[in-house]
Amino acid sequence: MSVRFVTAAALLLAFTAAGEESPMKDAVVTFLPTANKHPVSGFGGEWDPHFWRAPNTRRGCDEKAWETVLDRIRAIGVARVRMMLLPDWYEPDNDNSDPARTDGKAFTWDSEPMCSLYRQLDYCQKSGIRVNITWWCAPVRRQSDGAPYWMAFPNVKQWCSAPNDVEECAENVTAALHHLFVERGYSCIDAFTFCNEPDWTFFNNDNKVEFDYYATICRAIDARLKAAGLRQRLELDLADDSSHKGWLKQTVENLAGVADRYNAHSYVFSCQDADYPNAMRAWVRECVKQWGDKPFNVNELGTRHYQGAYTATDVYTFERAFCVAQFAILGLNEGMTGALFWGLYDQYYYDGNDPNDGSNGGMMKTNLMAYLTEGWRLRPTGQAWTLVCHGAPRESRAHPGTSTDPGVDAVALELPGGAGTNVLLVNRTTAPCNVRLDAIPLTPNAANSAKISAFGRAGLAELDASAFYTTNSVKAPPETVLLLSFASR
C-alpha cells in the first residue's frame, strides 16, 4: 500500500503510551469454517463525474491534479465505485414522441458531464474497478440552463422528480446503457441502480412518493434491457433506500423477479452512541435477512454527523474513521457483501451563490480525500478505509469471527485463487489486547508469514510482525484497526 504511513516506531510508541495505564487483556476470535454465501462485491466509494466539469476545472482541476487523484485511488485500493447519471446530461430534449423508436442522433453524448463520466470509466476499465451506474432522478430543471426538464413532473418542489412517463424513462435508460456498453465498450460497468434514494426523491406531480410507480418503471427497464440484449451484462441493484424500512420490504416483496441484488444507504451510526457495535450488527443482520438469498450491499456509507447533504461535521475526526471501519468488519460478519463510502474526494457539484449557505458553495465536503486546495490529502477516514479496501478485495470470501471479548471483533477474508487470507480486526477498547485467532482459513499456524498494517489515533502504520504477532496470536493496541495478511503456503 503506497500510502503515507507514520513510522512504525512512532506508532508503536503512541500505542504503548495509550495502553500503559491499562493491563493487557486476552481475547479469542474463532472464525467459522464456512464462508458467507456471497463473495465480496467490493469496497470503494461514490465517484460522481464532476472533476472535469467547469466548477472544478476553473478552480485548477487539471491533468496534474487528475493524476494525483488517481494515485490516491490506487493507494486506497478501491475495487468498486458508484457513479451518478442524470438523464438531461444526454437527452436534454426528448429524442422523439415515440418511446419505442430511439433516435440516437438526438442525444448529446458529448456534453461536459458525459465527457467527465467517460474519463472516470476509462480509468476503471483500465484498472479493473467495477462500476455501478445509478440513474439519479429526472431533474425538475435541466442542469445546463435551468429550463424545465421534459421528463420531470413540473410541480415537484424538490430538485429531484420521478420520471413522468414509464416507457420514455425505460427508453432513456436503455439508450444510455447501450451507448456505454456497445458504442464505448465499457465492460467495467456491472451494476445499475434506478433512482437514488427513491423512498424520498421519487416525487409525482402531487409531491408524493408512490412505490407502485417505482416498481412499474423498474419492471419496464428490465424488459427494455432484455429486448435490447443488454440485461445479461449487468445486475439490477435495487431499493437504494435512505433507511426507510418499508421501502426495503416492498422492494424485496414486489421486485424479487427483477432485482439481482439489493442495497441500502447508511448514515445511521456514531461512535458516540452507546452500544453502537450491536446496533450496527442488528441493522445489517435485518437487511440481509430481508433480502433472503440475494446479495446485500451498502451503496452509501457515512456517519450520522451531517449538516445538510454537503457537510460532514466529523470529517476530520478519528471517530468517523473508526466508526466506518468497524461497520465494514461487523457488516461482513453479518453477511454484507460490500460498502461504498460517500465519497472518494471533495469536489464541486455546482457553483453555489453563497459559500455559507450550508452547501460549501456547491462543494461536497464529506469524503475520504480533501479538495485540490489541500492537495487531495487523505483524511483519517481515507486512511482507515485503505485497510478495509485492501483487506477485503473483490471476490474474497468472508468467514465471520466470533469473539470472547465485546470490545474485539474480526473477520477473515479468504483471498481469490487461494492466494492467502486477510484478517481485519478491531480493538475498540482503551486497553491493549492479546487476541488469539482460531481456525484462520487456509493458513493454520502461519507464524512467520504475517504482514500487519494498523490504523489508530496516530494514523496508518506498517507494523513489525515480530513485535506484534506470534503463532495465531496478535497484540492489538488500544482503539486500533488491524489488517493481518497471510500468504498461502
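What helices does the chain have that are whole DSSP H segments, at least 15 Å long along their own axis by Cα, and with mean Kyte-Doolittle hydropathy of 0.5 or more?
Taking the DSSP H segments of the chain (at least 15 Å long, mean hydropathy at least 0.5), we get 8-19, 318-333.
Under the rule of at least 5 residues apart or a separate chain, name every residue whose amide H is placed under 5 Å from the amide H of Lys25.
Under 5 Å from the amide H of Lys25 lie the amide H atoms of Cys433, Asn434, each far enough along the sequence or on another chain.
Computed over the Cα atoms of segment 347-386, what is the ratio Rg over Rh, Rh following Kirkwood?
1.06
Which loop-located chymotrypsin sites (Phe, Trp or Tyr not before Pro) does segment 255-333 contain, where loop means any DSSP state but H, G, I, E or B and the Cβ has at most 12 other Cβ atoms within 10 Å?
Loop-located and lightly packed - Tyr316.
What is the fewest-to-most order of His305, His178 by other Cβ atoms lying within 10 Å of their Cβ?
Result, fewest neighbours first: His178, His305.
For segment 42-396, give the share of DSSP beta bridges that are antiparallel, in percent and rounded to the nearest 5; count only bridges with both residues there.
Working: 10 of 43 bridges.
Looking only at bridges with both residues in segment 42-396, the antiparallel portion is about 25 percent.
From the backbone phi of segment 92-99, what are the Karplus-calculated ³J(HN,Hα) couplings (6.51 cos²θ - 1.76 cosθ + 1.60, θ = phi - 60°) in whole Hz, Gly and Pro given as x?
Listing the rounded values in order: x, 10, 4, 4, 6, 8, 10, x Hz.
Take the Cα radius of gyration of segment 357-414 and divide it by 2.2 N^0.38 Å, with N its residue count; two decimals is plenty.
Details: Rg = 16.9 Å, N = 58, 2.2 N^0.38 = 10.3 Å.
Expressed relative to 2.2 N^0.38 Å, the Cα Rg reads 1.64.
Starting from the Kirkwood Rh over alpha-carbon pairs, what translational D in µm² s⁻¹ does segment 78-135 have by Stokes-Einstein at 25 °C and 0.890 mPa s?
Once the numbers are plugged in, D ends up at 191 µm²/s.
What is the chain's relative contact order, in percent, from Cα pairs under 8 angstrom and six or more apart in sequence?
20 percent
GluC sites (Glu not before Pro) within segment 205-309: which are DSSP loop residues with at most 15 other Cβ atoms inside 10 Å?
Filter output for segment 205-309: Glu210.
Which of the following values of semi-axes √(5λ) of the Cα gyration tensor in Å was calculated from the structure shown: (i) 40, 24, 20; (ii) 66, 28, 17; (iii) 45, 33, 26?
(i)
Summing -39500 (n - 2.57) over the DSSP H runs of n ≥ 4 in the chain and dividing by its residue number, what mean residue ellipticity at 222 nm do you reach, to the nearest 500 deg cm²/dmol?
Helix-only estimate at 222 nm: -8500 deg cm²/dmol.
Which log10 I(q)/I(0) values, to two decimals, does segment 197-311 give at q = 0.13 Å⁻¹ under the Debye formula with one point per Cα?
With one equal scatterer per Cα and no solvent, log10 I(q)/I(0) is -0.58.
Using the count of nearby Cβ atoms within 10 Å as a rough guide to exposure, how do Ile73, Ile217 rank from fewest to most?
So the residues, fewest neighbours to most, are Ile217, Ile73.
Report ³J(HN,Hα) in whole Hz for each residue of segment 361-375, in order, from the Karplus equation J = 6.51 cos²θ - 1.76 cosθ + 1.60 where θ = phi - 60°; Gly and Pro get x.
Once rounded to whole Hz, the list reads x, x, 8, 7, 10, 9, 10, 5, 10, 6, 7, 3, 5, 10, x.
At a Förster radius of 51 Å, what calculated FRET efficiency corresponds to the Cβ-Cβ distance of Ala279 and Lys64, to the nearest 0.05?
Once rounded, the FRET efficiency stands at 0.70.
Of Ile189, Ile329, how do they rank once you tally other Cβ atoms within 10 Å and put the fewest first? Mind showing how you got there, number by number?
Numbers: Ile189 20, Ile329 25.
Least crowded to most crowded, the residues run Ile189, Ile329.
Each reported figure results from applying straightforward, stated rules to the coordinates on display, with no laboratory input. Here the structure is a predicted model, which is why all the values come from computation and not from measurement. A quick note on method: Cβ atoms are made from the backbone with ideal geometry, for glycine too, and the neighbour counts reach across all protein chains shown.
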